1. Once fully extended, how much extra length lies between LEU73 and VAL205, figured as 0.36 nm per residue of separation less the alpha-carbon to alpha-carbon distance?
2. Between the stretch 188-217 and the stretch 121-157, how far is it from one alpha carbon centroid to the other, in angstrom?
3. Of all the C-alpha pairs in the stretch 95-221, what % are more than 26 Å from each other?
Amino acid sequence: MVLKIRDSRIERPKGALEDIFDVFSQAEGALDRPQGRLSLGLPAVQKLVPMHGGSIVVCSKTLGRGREFVVQLPIADESMLESKSDTSGRGAARAMKQRILVVEDHRDVADAFAMLLRAKGCDVWVAPDGEAAVEAAHRFQPDVAFVDIGLPKMDGYEVARLLRGAFSKERLLLVALTAYGQRDDVLRAQQAGFNHHLLKPAKFVDIQNLIESHQDARRGRHPRQK
């Protein structure tokens, strides 16, 4: 089955279509949209479609006339369903069984990011501000926390300092996921206790690799509790 969807949204610069599925990616000039939203819908679709045996591609033939998305999905029959059932156990073994805390004040961004992580087998808690993040961490006991820097009530640096006082770097992987990417910003993140600094837009494969590496390290060398 083939689905074609055309839109007439803001045109991306020539050569930028390959970045359209990146997490937090947005066309230049789109920050003047209402509430400055950064959609994660396309990255979520790109991850979910292959899970159903399909594919998605995007093309733009003429600048200023929008884009076309082509989604291909197999039509299920009994043999396909049996095959999927036979491999479900092996697929579960590859899942990222981690508790993930997402600290992000843009609700649509946070929800879509959480959906991507849950699709990979993670247990996810979303906190909309710094104070809620600290409270959630003590209740939820996350393995990994992705923290935006520009947060209401308490910025991401202070969140990291408080969490690092309660959880070691081996116990909790703290990742700054932010638009602040100057050298001083990276240094401040390190001083606050972050393990890693990722600049938006971040590729989901990089996020996934961090989670899986931490999961492997915890299984091999570290107990669950600090």
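1. Details: separation 132, 0.36 × 132 = 47.52 nm, distance 2.24 nm.
Gain on stretching LEU73 to VAL205: 45.3 nm.
2. Between the Cα centre of the stretch 188-217 and that of the stretch 121-157, the gap is 14 Å.
3. That fraction is 10 percent.
Rule-based calculations on the coordinates, nothing more; no lab input. Quick caveat: nothing in here was measured; it's all calculated off a predicted structure.
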